[in-house]
Amino acid sequence: MGSPDTWSPPAETPDTLGAYPRLTPPHLQTLSEVGTTMPVSERQVLAWAGVPLDSFLVVAEGLLSVDHGVSDPDPSGEDSARRDVGGADTRVEIHGPGRFVGDIGLLEGEPSFDTITALESGKVLAVPIPALQRIVTSDPLIGDVILRAYLIRRSMAIGFGSGLRIVGSRFSPDTRRLLDFTARNRVPHRLLDLDRDPAAETILRRLGVGVADVPVVIVGGSRILSNPSIVEVSEALGLRRARPGTSSDVLVVGAGPGGLAATVYAASDGLSVVLSDAVATGGQAARSARIENYLGFPSGISGAELAERAEVQVAKFGGTLLAPATAQQLVVDGGALRVRFSDGTSLLPRSVVIASGMQYNRLAVANLDRFEHTSVYYAATISEALECGTDPVVVVGGGNSAGQAAVFLAQTASRVHLIVRGDDLAASMSRYLIAQVEAGPRISVHLRTVVVRAHGSDRLESVTVQHQPSGTREDLPAAYLFVFIGATPATSWLGAEIERDERGYLVTGSGVASDDPRRQPFETSVPGVFAVGDARSGSVKRMSAAVGEGASVVRMVHEYLETGGCRR
């Protein structure tokens, strides 16, 4: 900083995207009623990366710096081998009076990804996290300001590659497993690729980590996880919520739009609700970079932001989230329901709402299985776009998901080839998306075409496509393949007692073979077990329809529970 005689404070970070708003006097008054103003000294560290914050911090006097690099949380700095393990490029923000620090993880119990330091003597207003959560969910004047800023900051952090570090080979299935998990959970991260980044090897040597221990996850620069399981990573990040009690009024399986809606409405009605998901909240919707036809969002909204907002609502009404938690079996034992999870635990809910959605269909193409864990994706979000960079990509599919992916990836990829089996995009794609696809200078549309073979050595290099009417084949350069060719219902974990239609969807209401006049419209062949969203036979496969079904099923659950669950 230079000598005290010459040092001058740096300028504040400009707020060009709305990520760093300045709170107004009424906002500060509301916060001061539940917080404490305390002095800070020059260079005092208020938060270390990797350590959860216990307070929401607002600058009252002076300046705070927010360092998005990875540094050592040990103030003594004795363990120098663990310092600055994230690479040389860091991002630092400067904030003055009226601004606040943190991001959406503060509301969700995640550790801080940043080191926060006072640049000069001053004061901060510290608000306990539970008090902040109450304000965000009950006072729209200040809650909307904080929540919107936090969501923008999380998107920026993902785009910059801040947060945790994953050290490993991009061609390793274990590395891909960790990348997919962090992307689905919207965790800021960066891959330090052993095959491309010379610094990756250096970091492993400094940490004393051998090749057998990779991939390695570095949380905050101090916590090192060697080839961890998904559960270990989620617990280190505060994502896996505390295990609830063994019973509840409702267990919702699947945290897509339908499951989130059912959870929010049931919890707001006073029911005890547990929401479980095998990976993360948001379902297929969270994999959409931009949703432009959802009611109430004329400028569009990302699926990730919708999921984050819904997760805050779940917490607001007292719902319990379990993720990752893979439901493995539903057992109907006399008059009781039991759901067993893959980790060996069980829950005994009074009722179950199945919102497990769909599983993406894989592409049956010669030689593609070699690249399944390194070059094939079933989502196109900012995380996948960062991974692909400017490399050419191929998108397979003719529906809205494929169109959204092509438009989004064309912002960064040098070329996007959209492969469509059908004769016309209008057969399965919304008009607004067709216009965007056709206007994209980097997008090439191949109608009546299929992928027949994948090529490459360690990674995908090209694919062969065939024009169906003529039989003509062409090799297209492609480092990554995105597949959006439909899905099948994720119902294989359910037993034969749950009736299905010929395609595997869950039959409900009057469609169930056994006639029971008391059966509710969304109730399956097992009393007290309901189905909503894409997994339900006859449902409209739209996000808004799933939300509607999730909201509607709560009334049916109430009516069932009022009978004492005596129909089994």
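The values are calculated or read from the model by the stated rules, or taken from the named source; none is laboratory data. Model, not experiment: these values are computed from the prediction. Quick reminder, even Gly has a Cβ in these numbers, built from the backbone with ideal geometry, and neighbours come from all protein chains shown. For the accessible areas, the whole protein counts, side chains as well, though only heavy atoms, and no ligand, DNA or RNA atoms are used. Shrake-Rupley method; radii C 1.70, N 1.55, O 1.52, S 1.80 Å.
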Item to check | Every residue from segment 270-293 that is in a loop (DSSP other than H, G, I, E, B), open to solvent by less than 20 Å² (accessible area, probe 1.4 Å) and among the aliphatic types (A, V, I, L, M) | outcome: Ala280
Next on the checklist: Can you find a residue that is at pLDDT 95 or above, of a type outside the set (Ser, Thr, Tyr) and surrounded by 24 or more Cβ atoms within 10 Å (Cβ to Cβ) anywhere in segment 231-249?
Outcome noted: no
Checklist entry - Which condition does Glu308 not pass, out of (1) of a type outside the set (Val, Ile, Thr); (2) in a helix (DSSP H, G or I); (3) farther than 23 Å from Arg153 by Cα; (4) open to solvent by less than 20 Å² (accessible area, probe 1.4 Å), if it passes all the others? => result (3)
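For the condition charged (D, E, K, R), assigned to a helix (DSSP H, G or I) and open to solvent by 10 Å² or more (accessible area, probe 1.4 Å), what is the one hit in Arg555, Arg503? It would help to see each step written out before you state the result.
Values: Arg503 fails: assigned to a helix (DSSP H, G or I).
That would be Arg555, the only listed residue that is charged (D, E, K, R), assigned to a helix (DSSP H, G or I) and open to solvent by 10 Å² or more (accessible area, probe 1.4 Å).
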Checklist outcome for this item: Taking segment 48-62 and keeping residues closer than 22 Å to Glu110 by Cα and surrounded by fewer than 20 Cβ atoms within 10 Å (Cβ to Cβ) leaves Val51, Pro52, Asp54
Checklist entry - Does segment 450-472 hold any residues that are touching a residue at least 40 places away in the same chain (Cβ under 8 Å), of a type outside the set (D, E, K, R) and in a loop (DSSP other than H, G, I, E, B), and which are they? => result Gln468
Checklist entry - Counting just the residues of segment 526-551 that are of a type in the set (Gly, Ala, Ser) and crowded, with 19+ Cβ neighbours inside 10 Å, which one comes out nearest to Val352 (Cα to Cα)? => result Gly528
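Out of the residues in segment 140-176 that are in a helix (DSSP H, G or I) and under 19 Å from Arg196 (Cβ atoms), which is least open to solvent (accessible area, probe 1.4 Å)? Before you say what the answer is, go through the steps one by one.
The first filter runs over segment 140-176 and keeps only residues in a helix (DSSP H, G or I), leaving 140-160, 173-176.
Subsequent filtering for residues that are under 19 Å from Arg196 (Cβ atoms) retains 160, 173-176.
Details: Phe160: 107, Pro173: 72, Asp174: 58, Thr175: 1, Arg176: 20 Å².
Taking the candidates together, the pick is Thr175.
Let's see how each residue does on (1) open to solvent by 50 Å² or more (accessible area, probe 1.4 Å); (2) within 20 Å of Arg148 (Cα to Cα); (3) modelled with pLDDT of 90 or more; (4) not hydroxyl-bearing (Ser, Thr, Tyr):
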position	(1), (2), (3), (4)
Ser8	yes, no, no, no
Pro14	yes, yes, yes, yes
Arg22	yes, yes, yes, yes
Pro26	yes, yes, yes, yes
Leu46	no, no, yes, yes
Arg82	yes, no, no, yes
Val85	no, no, no, yes
Glu93	no, yes, yes, yes
Gly102	no, yes, yes, yes
Next on the checklist: Whether any residue in segment 185-193 is at positive phi and basic (Lys, Arg) is what I want to check.
Outcome noted: yes
Checklist entry - Going by the conditions given, is Gly256 within 30 Å of Pro173 (Cα to Cα) and of a type outside the set (A, V, I, L, M, F, W, C)? => result yes
Item to check | Pick from segment 408-432, criterion outside any loop (DSSP other than H, G, I, E, B) and free of Cβ contacts under 8 Å to residues at least 60 places away in the same chain, ranking: most open to solvent (accessible area, probe 1.4 Å) | outcome: Arg431
Next on the checklist: Quick check on segment 332-374: of everything there that is open to solvent by less than 20 Å² (accessible area, probe 1.4 Å), in a strand (DSSP E or B) and not small (Gly, Ala, Ser), which residue is nearest to Gly486 (Cα to Cα)?
Outcome noted: Ile354
Checklist entry - Which one of the conditions (1) modelled with pLDDT of 95 or more; (2) open to solvent by less than 10 Å² (accessible area, probe 1.4 Å); (3) touching a strand residue (DSSP E or B) at 6+ places or on another chain (Cβ under 6 Å) does Gly403 fail to meet, given that it meets all the rest? => result (3)
Checklist entry - Within segment 485-498, is even one residue of a type in the set (D, E, K, R), more than 24 Å from Tyr360 (Cβ to Cβ) and open to solvent by 60 Å² or more (accessible area, probe 1.4 Å)? => result yes
